[in-house]
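Heads up, the thing below is written out as C-alpha cells.
The values are calculated or read from the model by the stated rules, or taken from the named source; none is laboratory data. Computed from a prediction, not measured in an experiment: that's the story for all the values here. Methodologically, a virtual Cβ is constructed for each residue, glycine included, from the backbone with ideal geometry; neighbour enumeration extends over all protein chains shown.
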Amino acid sequence: MSAIRYQALLLLATICLLCACQAGHSTPVPALATTTPEARHKAAMQRFETMINTCDEALAAELVDPKAPFSTPASKTPVYGGKGYLDIVRFMRRGFSDVQWKLEEMVAQGNVVAVRWTCSGTHDGTFLGHKPTGKRFTATVMNFYYFNEDGRIINDIAAEGMIAILRQIGLVKM
C-alpha cells in the first residue's frame with residue numbers, strides 16, 4: 001500500500017472516530033435480541049407515549065396485544081387491543097381536545113412497567129355529561145403496564161388514588 005493511500009485511510013479513520021465521539025452523538029443501541037426484557041418494555045413505553053398523543057393506529061396495533069382488555073368509565077364492558085385503547089384516548093379527546101400525556105418516570109421489573117405520567121388538557125368539550133368549562137388541568141397519573149412474551153401490552157392498571165376515595169364516598173359519580 002502506498003504511503004499516500006495509507007495516510008488517507010488513517011485520516012478517514014481518525015475523522016470517523018472524532019465524529020463518533022462528538023457531543024450529541026449517542027452510542028449505537030444494541031440489537032433488541034441482546035437487551036433485557038425490561039429495556040425492551042421501557043423502549044416500548046416511550047413509543048406508547050407517541051401512540052397515545054398522536055392516536056397512531058399502526059403503532060397501537062404493534063404495541064398492544066389485540067386480545068388485551070381495557071376498562072373505561074365510558075363503557076360498562078371492556079374494549080380490546082390497540083384500537084380499543086385508542087377508543088379510550090378518543091373518549092378523552094372529546095372532552096379535552098388538546099389532552100397530552102408526558103412520560104415523566106418509569107421503572108421496569110420483569111414483564112411490568114410502572115409509569116408516572118403528567119396528563120394535561122383543556123375542558124373544551126362535553127365530558128361524562130359535563131359541559132365544557134374552558135378550564136385547564138394538569139394531573140399526575142400512575143399506571144402499571146403488563147407485557148406478554150411477545151413484548152406487547154396485555155394489561156394497564158391505573159392507580160386511582162384520591163378519586164377512588166371520592167367515588168366510594170359518593171362525592172364523585174362515574
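Residues in region 107-128 that are under 26 Å from Glu38 (Cα atoms) and crowded, with 18+ Cβ neighbours inside 10 Å: 4 in all.
Select from region 65-90 the residues that are part of a strand (DSSP E or B) and under 22 Å from Lys102 (Cβ atoms) and write down the one among them that is modelled with the lowest pLDDT.
Start the filter on region 65-90 by keeping residues that are part of a strand (DSSP E or B), which leaves 69-72, 75-80.
If we keep only those that are under 22 Å from Lys102 (Cβ atoms) too, we end up with 70, 72.
Values: Phe70: 91, Thr72: 77.
Checking each candidate, the answer is Thr72.
To keep it simple, each residue is scored yes or no on (1) under 20 Å from Met51 (Cβ atoms); (2) out of contact with any His (no Cβ under 9 Å at 6 or more places or on another chain).
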{"residue": "Tyr85", "(1), (2)": "yes, yes"}
{"residue": "Asn111", "(1), (2)": "yes, no"}
{"residue": "Ser120", "(1), (2)": "yes, yes"}
{"residue": "His123", "(1), (2)": "no, no"}
{"residue": "Leu128", "(1), (2)": "no, yes"}
{"residue": "Gly134", "(1), (2)": "no, no"}
{"residue": "Val141", "(1), (2)": "yes, yes"}
{"residue": "Tyr145", "(1), (2)": "yes, no"}
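In summary, strands (runs of 3 or more DSSP E) completely within region 97-174 and bearing 2 or more residues that are over 13 Å from the mean Cα position of the chain (by Cα) and farther than 20 Å from Tyr85 by Cα occur at 100-109, 136-147.
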